[in-house]
Every structure is written in C-alpha cells, then in structure tokens.
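Peer 1: Please see the structure below; I have some questions.
Here, each number is a calculation from the coordinates, and none is a lab measurement. In this text the structure is predicted, and so the values were computed from the model without any measurement. With ideal geometry, Cβ positions are generated from the backbone for all residues, glycine too; neighbour counts draw on all protein chains shown.
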Amino acid sequence: MKVVMVTFSGDQTGKIGELRGHLEARGAEVLRFDTDRFPCEAQAWFRQDGGREELHLRYDGHDFRLEPGDAIWYRRARWAERLPPSLPRPLRHGCVLESEALLRGMLAAAPCFVMDPPDLVRERGHKPAQQRLARELGLLTPRTLMTNDPAQAREFIASCPDGAIAKMLSAFAVRDAEGDEQVVFTTSLRDEHLAKLDGLRLAPMVFQEQIRKRLELRITVVGSRMFTAAVDSQKVTGAEVDWRERGVTLLPAWTPYELPADVARALERYMELVGMQYSAIDMLVEPDGRHVFLEANPAGECFWLEYYPPHFPLAAAIADVLVGAPGARRAVRS
C-alpha cells in the first residue's frame, strides 16, 4: 500500500522520520507531501475521464496515484506559503485560495482512508460544539463565556468568585516588530485586563472560571488507543495558569495516568461521535478528584510525549492505524 504524509516543510520533528520507518517496516511505500511547496514544487491532479477517475500527487521525484487500499495522514498544512515573494498581493491571495481549494478538495475526494480529513479537523475544532458534546456525554466543563460583548464579559467575570481566565478561540501566534513569534497563552485576569475589555469589539475571546488544579492531563487518542499523561503544573512558577508557558521545564515531569472508567468511556464516546481517529484532549483534575474537560485539539501536537517521559509509542500507534492493523482503527459514526 501507499501512505501519504501531508504536512509542511518546516515540520521537522524527528518523529515523522520515525513514523516513516514504522510504515515502511509494515510494507508501505511512503510519500511526504509538503503543502507549502505546492504549487511551485509539487503537482497534484484530480481527473475524471469517461468511466475513469484518478487522484495523483507528485513531489520530490515521486508520483503517487491514490487507490482504495492506500492511506493519508493529514498532520499540518501551510497552504502555498512558498509562492514567489514578488507576486502582487491580490494575485498571491488568489493563488493561495486556489491551491488550498484543490488540495482540500482532493483530500475530501480521496478514495482511501484519511486520518483525519482536513475539513473534519476544522469542523471538530469548534470550541462551543466541543463543550456542548462533552457536557451531553456527562463530562464536567468549566463555566464558560465566549463573546465579543464587553458587558457580558464583565458580568461573567464578576460572577466567578475564584477569578477568571481568558484565552483565544483559535490557535495562532502574534509576531513582534522583529518578526519573532509571541505565543498567546491562557491569562489569569487582573484589574488591568478588565480595563481593556472594550477591545472585544475587535475580536471575541473565551472566558472561563478559574479552576483549582491538582493535575493537568493530556489524553492522546490514536485510533482505538488512548494514552493519558499527567503533570503537576502547580509546582513550577509561571506554569500555574498555562503549563505551556514553562513547557520546556515540565518536559521531564509528565507521567502515565489512569483515567477513571466513566471518564474514559465518555471520551471514547466523544471520539466515536466526532468521527475522528486522532485528538489531543486537555483536562484538569481538581483537588477533590473531579475531572474537567477543557478542549479537544483535532490536530494537536503529541510527539513530545514520545521524545520525553512517559515515552508513549505514538508513532507506532499512528502507523498501525494508517496501515489498518487489526483493531487499530476506531469505529466512528458514519
């Protein structure tokens, strides 16, 4: 069989190479397709001619015609980012839209297994829908407000006796004047933030009650397998609100964790209903032991949990799902 790994050229984690090794050891022929190098350095075509239909990808000297027994791993996309810098902005914009439209459309029309289709990844990333489904399945969720209304935000924040936090609806980074990436972390709201709430008229935000944490959990779902790791972020100064602010410091501190049976069953059901093979789910454990669902990242990062403790075999698990090893793929809602 053939497996296409869809990502971008700046995705340099060594685990992609390791995944290739696992796939080739299972008898697959592997093509890495970097979306930023399309259309200038890669070609793709979808062709219907009479009773014949073909879907081809060509990159780095390899030409793949995808067939029903093949598989696609959609990890990351930077659609047409390497277009010539000399292109006028309106023309560049159109080239990006057309390039994305073709590649997304081809992935949607692929005759083979896709883990997971980019349109589904986008749809399942919607935070309001995630929280509604989690609550319907019996999972605890924080008191939450997502809004661009300053009055609603002030009222909600005032109603949180232990304080409130703010975070973004989408994952993005801001670049400073030097072009360096500044990640937007979850923020505990203070008086100086409350004075700036009129800025919501320019963009909405997420507000949640501040929850006391005993542990933070990252549950990585790969097909039918679930890998749960825990970290005590409260032991590290600066990580109390968002562990990612001290993520490098905490790398060796993650440990395996066993979810309560009812929480594990609810997450299994969640994955079945969203129809996906992969997700990186964030939860909190309160001091009294209650487990609180925060969000599910349909294409969230996971490989640090293989590089570092607990050294989960994630690349091997992904390979098993892609090649269709017995029992590896999750049964999902059609």
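Peer 1: So, with +1 on the Cβ of K and R and -1 on the Cβ of D and E, and no other charges, what is the size of the charge dipole of the chain about its Cα centre, to the nearest 20 debye?
Peer 2: The dipole magnitude comes to about 380 debye.
Peer 1: Let me know the shape class of the stretch 244-334, please: from the alpha-carbon gyration tensor, a ≥ b ≥ c as square roots of the eigenvalues, rounded when a/c is under 1.5, otherwise prolate if a/b is greater than b/c, or oblate.
Peer 2: oblate
Peer 1: Using Cα atoms only, what is the angle between the long axis of helix 127-136 and the major principal axis of the chain, expressed in degrees (0 to 90) to the nearest 10?
Peer 2: So the inclination is approximately 70 degrees.
Peer 1: How much FRET efficiency would the formula 1/(1 + (r/R0)^6) give for residue 155 and residue 190, where r is the Cβ-Cβ distance and R0 is 30 Å, rounded to 0.05?
Peer 2: Values: r = 18 Å, r/R0 = 0.59.
It comes out at approximately 0.95.
Peer 1: Is there a pair in 213/235; 127/196; 127/213 whose C-alpha atoms are over 18 Å apart, and which pairs would that be?
Peer 2: Numbers: 213/235 11 Å; 127/196 24 Å; 127/213 21 Å.
Too far apart for the 18 Å limit: 127/196; 127/213.
Peer 1: Of 151, 296, 134, which has the largest mean-square fluctuation in a 10 Å C-alpha GNM of the chain?
Peer 2: 151
Peer 1: What's the longest uninterrupted piece of the chain once you rule out the trypsin sites (Lys or Arg not before Pro) that are loop residues per DSSP with at most 11 other Cβ within 10 Å?
Peer 2: 1-189
Peer 1: Oh, and also: Give me the extension gain from residue 91 to residue 65: residue separation times 0.36 nm, minus the current Cα-Cα distance, reported in nm with one decimal.
Peer 2: 6.3 nm
Peer 1: Follow-up. Between 90, 68, 309, where does the largest GNM mean-square fluctuation fall for the chain, given springs only between Cα atoms within less than 10 Å?
Peer 2: 90
Peer 1: Something else: Suppose R0 equals 22 Å; then what is the FRET efficiency for residue 132 and residue 201 from their Cβ-Cβ distance, rounded to the nearest 0.05?
Peer 2: The value I calculate is 0.30.
Peer 1: What number, rounded to the nearest 500 deg cm²/dmol, is the helix-based mean residue ellipticity at 222 nm of the chain, given -39500 (n - 2.57) per DSSP H run of at least four residues and division by all its residues?
Peer 2: Calculated mean residue ellipticity at 222 nm is -8000 deg cm²/dmol.
Peer 1: Would you report the distance distribution of C-alpha pairs in the stretch 189-246 as whole percents per 10 angstrom bin, up to the bin with the largest distance?
Peer 2: P(r) over the stretch 189-246, rounded to whole percents: 17, 33, 30, 17, 3.
Peer 1: Would you mind checking which residues have amide H under 5 Å from residue 312's amide H? H placed 1.01 Å from N; only 5 or more apart, or other chain.
Peer 2: Residues meeting the criterion, in which the H sits 1.01 Å from N, are 306.
Peer 1: Which residues does a label at residue 235 reach in the stretch 261-303, if reach means a backbone N under 16 Å from a point 7 Å past the Cα toward the Cβ?
Peer 2: From the stretch 261-303, the list is 285.
Peer 1: How tilted is helix 261-274 with respect to the longest principal axis of the chain? Cα atoms for both, answer in degrees (0 to 90, nearest 10).
Peer 2: Roughly 50 degrees between the two axes.
Peer 1: Please find the FRET efficiency linking residue 162 to residue 43, where r is the Cβ-Cβ separation and R0 is fixed at 51 Å, and quote it to the nearest 0.05.
Peer 2: Approximately 0.35, to the nearest 0.05.
Peer 1: To continue, here is another question. Scan around residue 164 for amide H atoms under 5 Å from its own, H built in the peptide plane at 1.01 Å from N, and keep only partners 5 or more places away or cross-chain.
Peer 2: 189, 210
Peer 1: Using only Cα atoms, tell me the angle between helix 14-25 and the longest principal axis of the chain; keep it within 0 to 90° and round to the nearest 10.
Peer 2: With both axes taken from Cα atoms, the answer is about 50 degrees.
Peer 1: Related question: Grab the eigenvalues of the alpha-carbon gyration tensor for the chain, scale each by 5, take roots, and send me the semi-axes largest first in whole angstrom.
Peer 2: Semi-axes (√(5λ), whole Å): 36, 26, 19.
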